[in-house]
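Data first, discussion second: the structure below is written as structure tokens.
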């Protein structure tokens, strides 16, 4: 894939559901703060499974998506450019009800090395977050 489309879905219903979800994460314009959402997932949750997700052996790859899901409220992340430059994950989610942007190397793809495409993907995403006041 080329990175032209930020999102791609198999059917119209899924697309509309995901657009609705995206709208809940972004402010109405760049002068507003992102909307907060109530969350039943406690902010002080222990995250004990993180020790199981990240192997002690630094040579063993692991799925960073699982780690990120563990950190975000209700494990909910909305990945941007999911099918492009898979060696870096760029996603929107919430922590303690506040929208956050996440950039993380993905060890399962090219050992998470930042090549030109991954770097472009991350830079674009950081610009998006900056434009909408998303930490």
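The values are calculated or read from the model by the stated rules, or taken from the named source; none is laboratory data. Values in this document were obtained by computation on a predicted structure and should not be read as measured data. All Cβ positions, glycine included, derive from the backbone under ideal geometry; neighbour counts span all protein chains shown.
Out of 63, 10, 48, 40, which single residue is loosely packed, with under 10 Cβ neighbours inside 10 Å and touching a helix residue (DSSP H, G or I) at 6+ places or on another chain (Cβ under 8 Å)?
40
Taking residue 82, is it in contact (Cβ under 8 Å) with a residue 40 or more places away in the chain and surrounded by 15 or more Cβ atoms within 10 Å (Cβ to Cβ)?
Spelling it out, residue 82 is indeed in contact (Cβ under 8 Å) with a residue 40 or more places away in the chain and surrounded by 15 or more Cβ atoms within 10 Å (Cβ to Cβ).
Could you grab me the full set of residues in the range 6-17 that are more than 14 Å from residue 120 (Cα to Cα) and part of a loop (DSSP other than H, G, I, E, B)?
Answer for the range 6-17, where residues must be more than 14 Å from residue 120 (Cα to Cα) and part of a loop (DSSP other than H, G, I, E, B): 7, 8, 9, 10, 11.
So, in the range 94-135, of the ones that are free of Cβ contacts under 8 Å to residues at least 40 places away in the same chain and part of a strand (DSSP E or B), which residue ends up surrounded by the fewest Cβ atoms within 10 Å (Cβ to Cβ)?
Residue satisfying both the conditions and the ranking: 103.
Of the residues 109, 88, which single one is modelled with pLDDT of 95 or more and under 11 Å from the mean Cα position of the chain (by Cα)?
88
Among the residues that make up the range 24-44, is at least one of them at pLDDT 95 or above and assigned to a helix (DSSP H, G or I)?
Taking every residue of the range 24-44 in turn, at least one turns out to be at pLDDT 95 or above and assigned to a helix (DSSP H, G or I).
Assess whether residue 73 counts as being surrounded by fewer than 19 Cβ atoms within 10 Å (Cβ to Cβ), under 28 Å from residue 123 (Cα atoms) and without any contact (Cβ under 8 Å) to a residue 60 or more places away in the chain.
Spelling it out, it is not the case that residue 73 is surrounded by fewer than 19 Cβ atoms within 10 Å (Cβ to Cβ), under 28 Å from residue 123 (Cα atoms) and without any contact (Cβ under 8 Å) to a residue 60 or more places away in the chain.
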